[in-house]
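All remarks here apply to the structure that follows.
The values are calculated or read from the model by the stated rules, or taken from the named source; none is laboratory data. Just so it is clear, the structure is predicted and the values come from calculations on it, not from any experiment. Every residue, glycine as well, gets a Cβ built from its backbone with ideal geometry; the counts of neighbours run over all protein chains shown. Please note that ligands, DNA and RNA were not included when accessible areas were found on the heavy atoms of the full protein model with its side chains. Shrake-Rupley method; radii C 1.70, N 1.55, O 1.52, S 1.80 Å.
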Amino acid sequence: MPIHDQSYRRYRGGKEKPGAAWVVIATAGIVSTIRKRKFLGLLLFAWLPFFIRAVQIYIASSYPQASMLKPTAQTFRDFLGQQQMFVFFITIYAGAGLIANDKRANALQIYLAKPLGRAEYVGGKLAILACFLLLVTWVPGILLLFVEMAFSGSATFIKSNLTLIPSITVFSFLSVLLASFTMIALSSLSKSSRFVGIMYAAVTFFSDANFEALRHVLRTTSISWMSVPALLEQMGDVIFRQPPRYDTPWPISLLVILALVGVSALVLERKVRGVEVVT
Amino acid sequence: MRAPSYWQASLRIFELSLGEMLWSRRTIFMALVVGSPVLLAGVIRAIEAAGIAGFRVESLRINGATIFGMLIWVLYLRFIVPVLGIFYGTALIADEIEDKTITYLFTRPIPRGAVLVGKYLAYLTCTILVVLPSVMLVYFLLVPIGSASLVSSFPSLVTDLGLLALGLAVYGSLFGFVGARLKRPVVFGLVFAFGWEQAALIFPGYLRRFTVAYYLQALVPHAMPEQSTLGAVQALFRDAPSGLVSLAWLALFWLGFLFLAARTVERREYVLEQ
Amino acid sequence: MTATAQPLVEATTLSKWYGQVIGLNDVTVSVPAGVTGLLGPNGAGKSTFMKLMTGQLKPSKGTIAVFGEPIWGHPHLFFRIGFCPEQDAFYESMTGLEWLTGLLRLNGLDEKSATTAAQHSLVTVDLVEAADKKIGSYSKGMRQRVKLAQAIAHDPALLILDEPLAGMDPIGRRKTIRLIKDWARAGKSVIVSSHILHEIEAMTSNILLIHNGRILAEGDVHQIRDLIDEHPHTVYIRAQHPRELARTFLEHDDVLSLKVESDAVVVQTARPDAFYSRLTDLAASSESGEIAEITSPDDNLQAVFQYLVK
């Protein structure tokens, strides 16, 4: 009976160049998340507004009597605004456990003992969430433009609203950037995905509730920078060249968003470590 | 040795859990949440004291009691109470399952339901101990603004405290049940508290009766702020039930969900993840 | 094996599956009083069986009774049962003494008796000095011992221990083994699981062999030992002159097969005891050159399991 060598064997296959390992993390994460039926249901549900808008565009293009339904830049702004609700739930569903679950299973040490940098690990995790979020913001937003072109049979609308493609892109990426960075940072703070989910929801609602309260008292909306949802609303209006709904100057809103992303990056830098040394 | 009664077993679980709950990271988070209205009240008080601005609505000066009422609505009732209910309620059993410490409690000669009831009592004590002092601080900071009398508005403070305690009790038992029943209770909790409850309240008809907020709001002794669109629509369709009816429904929800939660824990098999 | 008295645990066509994964498959077995070792490799179904006998899981099919009563939904049985789970899970911010006292209160003891019993069990597991330290600061071995302490603290008639020696240092292991033996000597019963044969052998001779969710064998551990010895045994010998060594081996009829490699010889023998004895002599005499390494790829339970499954 031949005896096979059961001892350690050195890997003799090819190796990827350093820097590409995030793709492995991202791919594995995307595949395992998409396999969950409930999540797939949530993704499908998030596309419902797209289909409703598509029907609206179809009716407006086909029936002159329904001209009031014709899409404008505001339509696309409103559509992406509505998608923020799905961004919120998908961020919690797909994002809360991204690092927290690895911490719970002590997998972080194992990951970081491989030829995988911390930045690559975080990049891979960010890519998982960003991918799903773009799938419910940027992808349907751009598709909606093509739907308009297909139903109207001309590119007139796009030509006269040339800024829409960059607007949809910039706003989608901005909201995805904020949601993914803050969620991943929160996920690195705990071992419980439930706790992370609640923290994320609390930060969102809490900042908004405080803004609402102060707004009532001070009778001004210039403090909208303290609410996370209001930050994006304000930036969305500016990006889509709509009249801003709050008195806060948009550069302040943008600065606060960038500050939140910066703080999240700082948290990730401190918390994503193979071994945490407590002094 | 004699088996402790259901109530005794619950109390012993309560004793075992209270310290854990009170000195956990969660409580720090909770302190931040309930500390924010106090901070806000402090800022408002400072602005008023510095004479930077008088708080006015349509040229009418608003007093501290009105601001206090607004904070009860906007921060405590619509945000803090449901969030704490979700936060702790869903974790009553889920935390023990996740941490795999439930084994030690389920292999004792006590009914499993008592584990939930004891932990629920710990939740209630913990949240009441943090939320109610925060409300009182906000009250003492805000109400004197605009020379409102502390004495005359004191009964409304007592109502507020009772109302918030009741809210914590009802939301806690509801989400305790959700946590015992579902694998992903947080998403459901958030959808319920910030999706369903908000949406159902703006529709006329019976839908709103399937919310906790509908009955809680009927007991609030302050006027509902109507500045936001949602608030305005909710105020438009507001048909508050009487205090007694609200109390009866809230008591029913409270005891009903607590019973269901305990029964679920009693009967459900919890498989610990390997 | 025949049980003279009422069996402690009695499983009848007991099965447990988690979705599509079978944890325990159609098990019918009686566990008698005394110390019983539940032996099997990782993933064999030992923990599932223990969770079923402690009422943490509901049988998917069949029944399980402890002290003659179904355990699911009968918490009063836990007066007589102490369970030490496998998982390393604790209320980290509590001290060992607080934790034990709290759990003992759930067993119906008043504050004073609970504290006394907790202290007593901490003495038994040699943790008195760490009694007032937080469990979060305990070493792995201390955590194992405090877990054992909560199982014995209420003086149960039946101790169920899931891998109690995992993570313990050699002294801790020896003490725990002694504790289990003393427990049995006091007329109480223990069911203990492990995947290491000699650990179980050190505690009891009565074992249940479990593999792939099925009970493969039950009875005296020496019979299992015999099976190991009778089962064709593979030995890998790395040597200076493997061909010379192979020639020496061929002179004996217990050698069933031989395979010579560049620096080693792989032997299958029917009588491992005799073979090892000769090998020791050979190594000492250096007659066939220097022997650098002797390993046996199947000197473990897996080989016996495979043999029994066949």
Selection within the stretch C:95-115 - hydrophobic (A, V, I, L, M, F, W, C), open to solvent by 10 Å² or more (accessible area, probe 1.4 Å) and either within 12 Å of B:LEU16 (Cα to Cα) or at pLDDT 95 or above (or both): C:LEU97
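If you go through the stretch A:102-109 one residue at a time, do you hit one that is of a type in the set (A, V, I, L, M), outside any helix (DSSP H, G or I) and open to solvent by 40 Å² or more (accessible area, probe 1.4 Å)?
The answer is yes, given that some residue of the stretch A:102-109 is of a type in the set (A, V, I, L, M), outside any helix (DSSP H, G or I) and open to solvent by 40 Å² or more (accessible area, probe 1.4 Å).
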Residue that is over 20 Å from A:TYR200 (Cβ atoms) and among the polar types (S, T, N, Q), where the choices are A:THR182, A:THR163: A:THR163
Counted residues, the stretch C:93-110 - those being touching a residue at least 40 places away in the same chain (Cβ under 8 Å) and within 8 Å of chain B (Cβ to nearest Cβ): 5
Criterion violated by A:ARG104 - all others in (1) modelled with pLDDT under 90; (2) under 13 Å from the mean Cα position of the chain (by Cα); (3) of a type in the set (D, E, K, R) satisfied: (2)
Verdict on C:GLY167 being open to solvent by less than 20 Å² (accessible area, probe 1.4 Å) and among the small types (Gly, Ala, Ser): no
Pair list, Cβ under 6 Å, 6 or more apart: the stretch B:161-174 residue in contact (Cβ under 8 Å) with a residue 40 or more places away in the chain, other residue aromatic (Phe, Trp, Tyr) and open to solvent by 10 Å² or more (accessible area, probe 1.4 Å): B:ALA169/B:TRP254; B:VAL170/B:PHE253; B:VAL170/B:TRP254; B:SER173/B:TRP254; B:SER173/B:PHE257; B:LEU174/B:PHE257
Qualifying positions in the stretch A:12-24 - at pLDDT 75 or above and either open to solvent by 100 Å² or more (accessible area, probe 1.4 Å) or among the β-branched types (Val, Ile, Thr) (or both): A:ARG12, A:TRP22, A:VAL23, A:VAL24
One residue from C:GLU199, C:GLU244 being open to solvent by less than 60 Å² (accessible area, probe 1.4 Å) and over 16 Å from C:TYR276 (Cβ atoms): C:GLU199
Residue tally, condition in contact with a Phe, Trp or Tyr (Cβ under 7 Å, 6 or more places away or on another chain) and open to solvent by 30 Å² or more (accessible area, probe 1.4 Å), over the stretch B:148-191: 3
Output for the stretch B:122-147, where each listed residue is open to solvent by less than 10 Å² (accessible area, probe 1.4 Å) and not aliphatic (A, V, I, L, M): B:TYR123, B:CYS126, B:THR127, B:SER134, B:TYR139
Of all residues in the stretch C:27-58 being more than 15 Å from B:LEU272 (Cα to Cα) and within 11 Å of chain B (Cβ to nearest Cβ), the one that is farthest from the chain's Cα centre (by Cα): C:MET53
Residue check for A:SER180: open to solvent by less than 30 Å² (accessible area, probe 1.4 Å) and more than 30 Å from A:ALA73 (Cβ to Cβ): no
Any hit, the stretch A:64-77, residues being over 22 Å from the mean Cα position of the chain (by Cα), of a type in the set (Gly, Ala, Ser) and at positive phi: no
Residue match in the stretch A:123-131 (condition: open to solvent by less than 10 Å² (accessible area, probe 1.4 Å), of a type outside the set (Val, Ile, Thr), part of a helix (DSSP H, G or I) and farther than 30 Å from A:LEU48 by Cα): no
Flag for C:ILE180 being assigned to a helix (DSSP H, G or I), more than 20 Å from C:ALA89 (Cα to Cα) and touching a residue at least 40 places away in the same chain (Cβ under 8 Å): yes
Among the residues listed as B:VAL135, B:VAL83, the single one being in contact with a Pro (Cβ under 9 Å, 6 or more places away or on another chain), of a type outside the set (Lys, Arg) and either at positive phi or more than 10 Å from chain C (Cβ to nearest Cβ) (or both): B:VAL135
Residue satisfying all of: in the stretch B:5-17; assigned to a helix (DSSP H, G or I) and open to solvent by 40 Å² or more (accessible area, probe 1.4 Å); nearest to C:THR101 (Cα to Cα) among these: B:GLU15
Tally of residues being within 11 Å of chain C (Cβ to nearest Cβ) and within 10 Å of B:GLY118 (Cα to Cα) across the stretch B:7-37: 11
Any chance C:LEU24 is modelled with pLDDT of 95 or more and either open to solvent by less than 30 Å² (accessible area, probe 1.4 Å) or out of contact with any strand residue (DSSP E or B) (no Cβ under 9 Å at 6 or more places or on another chain) (or both): no
Which listed residue, of C:ASP132, C:ASP155, is exposed (fewer than 15 other Cβ atoms within 10 Å of the Cβ) and either part of a helix (DSSP H, G or I) or among the charged types (D, E, K, R) (or both): C:ASP132
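With C:PHE67, C:PHE79, C:PHE90 as the choices, which residue is surrounded by fewer than 23 Cβ atoms within 10 Å (Cβ to Cβ) and more than 10 Å from chain B (Cβ to nearest Cβ)?
Checking each option against the conditions leaves just C:PHE67.
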Candidate set: the stretch B:178-207, residues that are among the charged types (D, E, K, R) and in contact (Cβ under 8 Å) with a residue 12 or more places away in the chain; chosen: the one farthest from the other protein chains (Cβ to nearest Cβ): B:ARG181
C:SER288 vs. criteria open to solvent by 50 Å² or more (accessible area, probe 1.4 Å) and more than 36 Å from the chain's Cα centre (by Cα): no
Residue tally, condition open to solvent by 20 Å² or more (accessible area, probe 1.4 Å) and within 20 Å of A:ILE168 (Cβ to Cβ), over the stretch A:38-72: 13
Listing of helices (runs of 4 or more DSSP H) fully contained in the stretch A:160-279 that carry 2 or more residues being of a type in the set (Ser, Thr, Tyr), out of contact with any His (no Cβ under 7 Å at 6 or more places or on another chain) and within 14 Å of another protein chain (Cβ to nearest Cβ): A:193-218
Hits in the stretch B:89-121 (condition: in a helix (DSSP H, G or I), more than 12 Å from chain C (Cβ to nearest Cβ) and surrounded by 20 or more Cβ atoms within 10 Å (Cβ to Cβ)): B:GLY89, B:ALA91, B:LEU92, B:ILE93, B:ALA94, B:LEU116, B:VAL117, B:LYS119, B:TYR120
